[in-house]
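Input: a single structure, listed below in structure tokens.
The values are calculated or read from the model by the stated rules, or taken from the named source; none is laboratory data. Treat the numbers as computed from the prediction; the structure is a model and nothing was measured. Here the Cβ positions follow ideal geometry from the backbone for every residue, glycine too, while neighbour counts run over all protein chains shown. Surface accessibility is based on the protein's heavy atoms, side chains included, excluding ligands, DNA and RNA. Shrake-Rupley method; radii C 1.70, N 1.55, O 1.52, S 1.80 Å.
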Amino acid sequence: MREGIKRRDFLRVLGVSGAGAGLVGCSTDEVQKLIPYVTAPEEITPGVATWYSTVCSECSAGCGAWVKTREGRAIKLEGNPHHPISGGALCSRGHSALQGLYDPDRLTQPMRRSGESYEAISWDEAEALLLEGVQGADSDVVLISGRTGPTLTGLQERMIEAVGGRRIEYDAISEAPLREAARLAFGVDALPSFDFESAGIVFSFGADFLGSWISPVEHTRGFARASGTDETFRKSRFVFLGPRLSLTGQNADEWVPVEAGTEGLVALAIANIISATGGDAGPYTELLGAHDPQTVSDQVGISVDTLHELASLFVSEGPGLAVGPGIAGQGQNATAVNLAVLVLNTVGGAVGRTLFPRQAHLSATTAPAGDLLAIVDSMSAGQIQALILHGTNPAYTLPPAAGFPEALASVPFTVAITDRMDETASHADLVLPDRHFLEAWGDSNPRPNLWAIQQPAMRPVPHFDSRASGDILLSLARGLGQDLGAETFYDYLRMSWLDLHAAQRSEEPAEAFWHRALREGVIDLLTGDQEAPSLQVPDRALTFDPPALDGEGLTLLVYPSSRFGDGYSANRPWLQELPDPVSKISWHSWVEVHPETASDLGISTGDIVRVTSPHGQLEVPVWTYPGILRNTVALAMGGGHTRFGRFADGRGVNPMALLPAEIEQTSGSLVHLATRVVIEPTGERQRIATIEGSSDQNDRPITPAVELSALQAGQLEEEEHSEIHELQAVGGFVPVPTEGRPEDFPLEGARHGQYEPEGYARWAMAVDLDKCTGCSACVTACQSENNVASVGEEQSKMGRDLHWIRLERFYEEVNADEPGPVDIRFLPMLCQHCGNAPCESVCPVYAAYHTPEGLNAQVYNRCVGTRYCANNCPYKVRVFNWFDFSDVPEPLNWQYNPDVTVRTGGVMEKCSFCVQRIRQAESRATLDGRPVRDGDVVPACQQSCPAEAIVFGNIRDPGSRVAQLSESERSYRVLDALINTQPAINYLRKVTFHPVEDIHV
Amino acid sequence: MSSLAVESERGAQTHPDIQSYGEVNVDILKMLSRPGKLWWFLFGLATAGVGLLAFSWGNQLITGIGLTGLNSPVGWGVYITTFVFWVGIAHSGTLISAILYLFRAKWRQSIYRAAEAMTVFAVMTAGLFPLIHLGRAWHAYWLFPYPNERLLWPNFRSPLVWDVFAVTTYFTVSSLFLLLGLLPDIAAARDQAKPGSLRHRIYQLTSFGWRGTDRQWHHFGKAYLYMAALATPLVLSVHSVVSWDFAMAIVPGWHATIFAPYFVAGAIFSGVAMVITLTVPIRKAFGLEAYLTTKHFDAMAKLCLVTGTIVLYAYLTEFFMAWYSGEAPERQAFWNRFFGPYWWAGWIMLTCNGMIPILLWFKRVRHSIAALFVISIFINIGMWFERFVIIVTSLSHEFMPFAWGTYRPSVTEMGIVIGSFAWFAFWFLLFIRIFPPVAISELKEVLPAPLSRSAREEAAR
């Protein structure tokens, strides 16, 4: 018999498989076309960004911002370097404004209530309904507005006056007690401003001035400049006095644990001691006399010696600055506590040096919630016929005990001018889509002399048929027969600013003034020198005793979130996924409990507990935290939305549910420090979405620090830097001694490729850990610049977040039981661009390789996703796209930076040192015919850092800042001596006032 | 002849109970007859398992590798564990068929065929995982050096590329070696099969026209010898290369020079245990007690004992060196294996690989087929967990404490891992039904020369 395949069969098989192979090559993808502009818009060159100056309104600080737009789309926010408040930096909330602009859950059209649901209507119809509603109300109209710029505020007031109604301002985060205290102390009815840069010593009585209090970016810059050790070894000291270490508290040098509500007594005792040695307390002398150290020590449990020590520091290391207590510490004695702190400042000589009552912070809301609660009473009593709500969400931010949604039902006509169908708007009769600040006109007046324009950076996002609230009001006024002098809000604003200019009587023509305002983003008007005020006789009596709290159990602190504020920015994936700077938790809420307390209660991190106050109840997972008093627990505001958007709804809990609707009599502010809570385990657990593995360095030289006196004595210089002997294959495995500095790359014998390294830059970075406050602005800036995707709650719980940079946080010294040093260290960890990168040799397809300029490059389209590089990276800075996360709901994708690839699933990514910015700077330099200068390349993280902790540049350039900083005796590289990775990032050690055990690097 | 002499002669023989050559043909080829219910049941299970594998993998390809439980820092988990597990198992087959051939060990004859088949199928199973664990598996061919217009080579410095060459070579050589050795036996089966049937056609194709002439036998002998010599270094090199996936990394717990011999010993250890696990049921099911005697199992058990002791020594060396280094990351990585979140895996590993093989020191245990079967299963559980412990615990506890994290395998991953076992079983079950799983021709070589009837009667008296 014949064996084997016949020739015919063979050819048959060959033919079919050959044809099959050919078919596979055909693609069914649609052909996509690029069509150039027929008539190009002015000022737009495709591929070149256009920048606009504006003001960020995410919080009340009033930071100036620059908006980068590409082809008519806003894609990045940065601080305006000319603006004194932001100084070029911007916080995470500021960056996230883009996700507010492109929020897919914004209202698309005006909505009218019909029965239980809402129907979309046209603007004409909506405006007609609005007019009808307001007219029908006669003068029983109330406008409740969130924080607005001065011109819009003025327009609102004029409009409401025209109909005989009232305007009240409401913001859930209101420093009304501080304002009242300033009025009582100095006769200036406004928030003072603070100069942390001039302070030699700072006492914070609970104010989170680096995270969420009044003007965090500005305060961070000033604080970092003062407390960052320079070559003269000058370093300011920071003592934190309070029940809980906020992010600010974590940056302190010393923690004096103080029960919530007793801060005022401590401040008075310290002021008493200072005034005894010469400080003038004026009309408060008697008050201070009543709060001598012994009396106060007995009341609050802090030793007399400690009080004396504190007083002595405040004077000897001055100029001192005391701030406090912030929103969480706002109890029934809030005004009194603030007043006590102002008295301490005056007695300690801060006024006019670090504290400026007349240089008022005008843009912050200081409206008392009591005004709104009074309105609620009127609403319930049926006295209000029409209610206009603008940019405010009281149904969510007020405690349920206030009964706001119920009161709304008693108002015949409610209209909400807002950007989404939120908890409040979903009770309104008419809902009008407002514009986002990035697509609208407005202005800001953060200081008496500073005025800034808020201008639209792009045409309104077409997905949303929105209108500027100013335009709506002008149209309404017209309908009511009132002429407010302008057709549109733009005209009204311009008029207002030209009036401002006229009042200056300067020689600059009006138009030139207007254009300068638009271009530079801020105008500094001379207001004349003002004398620092002195203490006045208070016109009301205050009690300084700690407030009585409801309920029993553990003291509850409800604090504003540094990511969401009062919850306003909760529908932004960037912020939800940003690990909270204190807890490192994302996407869900947590209750902070001291580890000993948790252990006594039989609970640990991840256990879900029931938190009960006399006013409400919640279930939330526990996070144990050594930085809080044993008898105190804390919850952040901003979670627990029910109608806010797909990223916010159903996530976390709203701690306002635990609070009563109680007002502090003196200032009218809402009491946050009001109640105690009982914590009970529910028996359930949940996985915590955290980036934190361990916060103990575990005997590894990751963030060594140095004591100031040791630094001054030169002890670091004397320290022997361990020499690395690199075993190189070339030359027969001879060990080559090296220090592994970035500028040494590439070592002789380890050369990759055929190029002369001296002709190229070596990009490197220096990060000053003495300045870094752990605020995480860099994380969001990087995400915004580099199209880094958000992965969601479930993926975050699995440990799959995609952040290119993370803030590691280590507890070296935290003691909630007695006053003493606190040492919490932050380490921004990003790709180190190692000269001897472990990731490069193991990638099977060369997706990870080293460029001649020293960058560790990741080629996305070459990556097959073996993840060997991530396994071999000792710093764990490589992140993997486990799914394709790039498909985001419109119009969030409008934010993407066209200069950076959007990665698909199955691909590894990591920090690229903003290579797109490097290339852009190099192109610009080539076009200009010059070399790249130091400062031309600013990666997004450095650009955004309020503390100016990050410096990037070419370390081969001896004049560059990064080269100079890397020479500092404080500089070290993470793990380098252990594994010879030769990182390009030099970290500068944190400097402490207490002795530290240095783990040998 | 006295009975004592007969006894000692018996003892010297490897298969004392086989009487004649003809018996061998009949017994072995009988295994290729119509399969019984048990086989169909097992085959059905295996097919279902392969279906699970296909479904899980397909789903993973479409939806994304995120269907696993992997994360940062644990980028490799049960897929790579199972990959190393199967590659390891493959090695003992080649050891038994090639190395023991060169050493002229007489007891290998009846088991080496099944072992060699196990090798080929184990490599086939292992070879799935480098594809399965990729983020973009459709670009896997980029790891091969093929001519392309961008003039790109793969990175030859990467151990993963070495794996590509090692595993491909191993698969090629092992399958050729298996096929070569099978030729005379397939011919025997062909001659027995009904002409014109499907079976006959298959045997015709795969016997490559073997006629059993002197010349063919001569060439066969030489070819087999050279193939054995070629396959021998692979036993040591392939798993050394696979171990370098870990040893070449800087991960504490991976970066140790002992990995190559440690893994090779471990491979033989687990592979021989798997051979025991496979041959005990085959022996029972097909009544091969005369062919697979306690002598064979005793020899395999001794091999397990030796390699298991080497593995235990390697563990102790690792612990000692980690402590001796004085380096915190190294010391803590090993401490973490037994007292960290994966402590249970560490102790399973130590117990199954370190404690249980101690039983093999006892002859009674080595001569008990049932005991060996149970022990072999524990050894393989232990060896799977050894790779899990090496990979997962080391990755979860590296240099940067803030980045430490744990990993839980997902349903998709377990589906694919279980499916891989089913895939292996699928091919093995098919093999034992189609091709003779005991080497007929080689077996005959070690049987004593056939005596005439009268001589046998003489010997019995």
Binning at 10 angstrom from zero up to the longest distance, how are the C-alpha pair distances of segment A:378-479 distributed in percent? 14, 36, 31, 18, 1
Based on the Cα coordinates of segment B:128-205, what is the per residue volume of their convex hull in Å³? 150
With DNA, RNA and ligands ignored, accessible area of A:Cys863 (1.4 Å probe; Å², nearest 10): 10
Solvent-accessible area of A:Ile121, probe 1.4 Å, all protein chains present, reported in Å² to the nearest ten, please. 10
Within chain A, how many Lys pairs sit with Cα atoms under 30 Å apart, leaving out pairs fewer than 8 places apart on the same chain? 27
GluC sites (Glu not before Pro), restricted to segment A:109-161: which are DSSP loop and have at most 13 other Cβ atoms within 10 Å? A:Glu116
Please report the accessible area of A:Glu726 (heavy atoms, 1.4 Å probe, ligands and nucleic acids excluded) in Å², nearest 10. 20
How many angstrom lie between the Cα centre of segment B:300-377 and the Cα centre of segment A:142-191? 74
Would you work out if segment B:362-412 is rounded, prolate or oblate? Take a ≥ b ≥ c from the square roots of the eigenvalues of the alpha-carbon gyration tensor; rounded if a/c is under 1.5, else prolate when a/b is larger than b/c, oblate otherwise. prolate
Loop-located chymotrypsin sites (Phe, Trp or Tyr not before Pro) in segment B:211-311 whose Cβ has at most 10 other Cβ within 10 Å (DSSP): none
Amide H neighbours of A:Ser589 under 5 Å, at least 5 residues apart or on other chains, H built in the peptide plane: list them. A:Gly652, A:Val653
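Rank these residues by their accessible area, most exposed first, probe 1.4 Å: B:Trp40, A:Trp123. Before the final figure, lay out each step's value.
Details: B:Trp40 140, A:Trp123 15 Å².
Largest accessible area first, the residues go B:Trp40, A:Trp123.
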Provide Rg and Dmax in Å for segment A:184-277, with only Cα atoms included in the calculation. 14.1, 42
Paired Rg and Dmax values of segment A:515-661, which use every Cα atom, in angstrom: 20.8, 64
Could you work out the longest stretch of chain A that avoids the trypsin sites (Lys or Arg not before Pro) located in DSSP loops with at most 11 other Cβ atoms within 10 Å? A:34-504
Carbon plus sulfur fraction of accessible area for the protein assembly as shown, probe 1.4 Å, in percent: 56
Percent relative contact order of chain B, based on C-alpha pairs within less than 8 angstrom and at least six residues apart? 32
Leaving out same-chain residues fewer than 8 places away, which lysines sit with a Cα under 20 Å from that of B:Lys284? B:Lys30, B:Lys37, B:Lys295
Segment B:340-390: translational diffusion in µm²/s, Stokes-Einstein, Kirkwood Rh over Cα pairs, 10 °C, 1.306 mPa s: 141
Distance cut-off 17 Å, percentage of C-alpha pairs in segment B:18-79 lying past it: 66
Once you have all Cα-Cα distances for segment B:282-418, histogram them in 10 Å bins from zero and send the whole-percent values. 11, 33, 27, 19, 8, 2, 0
Loop-only check: which GluC sites (Glu not before Pro) in segment A:474-578 are DSSP coil with at most 13 other Cβ within 10 angstrom? A:Glu487, A:Glu507, A:Glu531, A:Glu552
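What is the ratio of the Cα radius of gyration of the protein assembly as shown to 2.2 N^0.38 Å, with N the residue count, to two decimals?
It is 1.10.
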Residue farthest toward the positive end of the dipole of chain A, with Cβ of Lys/Arg at +1 and Asp/Glu at -1: which of A:Pro243, A:Ser444, A:Cys91? A:Cys91
Sum of -39500 (n - 2.57) over DSSP H runs of 4+, divided by residues of chain A (222 nm, nearest 500): -7500 deg cm²/dmol
In chain B, once you exclude exposed GluC sites (Glu not before Pro) (DSSP loop, at most 12 other Cβ within 10 angstrom), what's the longest stretch remaining? B:290-461
Rg to Rh quotient for segment B:28-137, alpha carbon positions, Kirkwood Rh: 1.09
Computed Kirkwood radius, in angstrom, where 1/r is averaged over Cα pairs of segment A:597-641: 11.7
In angstroms, what radius of gyration and Dmax does segment B:63-221 have, counting Cα atoms only? 20.3, 62
Threshold 50 Å² - residues in segment B:241-265 whose accessible area is reduced by that much or more when the chain is no longer isolated, probe 1.4 Å: B:Ile250
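Pairwise over distinct Cα atoms, reciprocal of the mean inverse distance: report the Kirkwood radius of segment A:584-683 in Å, one decimal place. Each step should come with its number before you reach the end.
Working: mean 1/r = 0.0697 Å⁻¹.
The Cα-based Kirkwood calculation yields 14.3 Å.
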The alpha-carbon center of segment A:639-659 and that of segment A:908-987 are separated, in whole Å, by 41
Can you report the principal axis dimensions of segment A:936-990 using only the alpha carbons, biggest first, rounded to whole angstrom? 32, 24, 19
I'd like the per residue volume of the convex hull spanned by the Cα atoms of segment A:325-427, given in cubic angstrom. 136
For a distance above 27 Å, tell me the whole-number percent of Cα pairs in segment A:51-196 that qualify. 46
Mean Kyte-Doolittle of at least -1.0 plus a Cα span of 27 Å or more along the axis: flag which DSSP H helices in chain B meet both, please. B:37-63, B:109-132, B:159-192, B:214-247, B:259-286, B:294-325, B:369-388, B:411-434
Size of the dipole of segment A:195-296 about the Cα centre, Lys and Arg at +1 and Asp and Glu at -1 on the beta carbon, nothing else charged, in debye to 20? 240
With solvent modelled as a 1.4 Å probe, how much accessible area in total do chains A and B shield from it at their shared surface, in Å² to the nearest 100? 4700
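Given +1 on the Cβ of Lys and Arg, -1 on the Cβ of Asp and Glu, and no further charges, what dipole in debye does segment A:262-332 carry about its Cα centre, rounded to the nearest 20?
Dipole magnitude for segment A:262-332 comes out near 140 debye.
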Relative contact order as a percentage, chain A, C-alpha pairs under 8 Å and 6+ apart, gives 15
With all protein chains present and a 1.4 Å probe, how do A:His615, A:His83 order by accessible area, largest first? A:His615, A:His83
Mind checking the alpha-carbon convex hull of segment A:404-550 and giving the volume per residue in Å³? 253
Over all alpha-carbon pairs of chain B, lay out the pair-distance distribution in 20 Å bins, whole %, shortest bin first. 23, 54, 21, 3, 0
Shielding of A:282-292 by partners, i.e. mean partner chain Cβ atoms within 10 Å per residue? 0
Treating only the Cβ atoms of Lys and Arg (+1) and Asp and Glu (-1) as charged, compute the dipole magnitude of the protein assembly as shown about its Cα centre; round to the nearest 20 debye. 9720
How long, wide and thick is segment A:706-844, going by the Cα atoms along their three principal axes, in whole angstroms, largest first? 59, 48, 27
Which whole-number percent gives the relative contact order of segment A:216-369, counting Cα pairs below 8 Å spaced six or more residues apart? 22
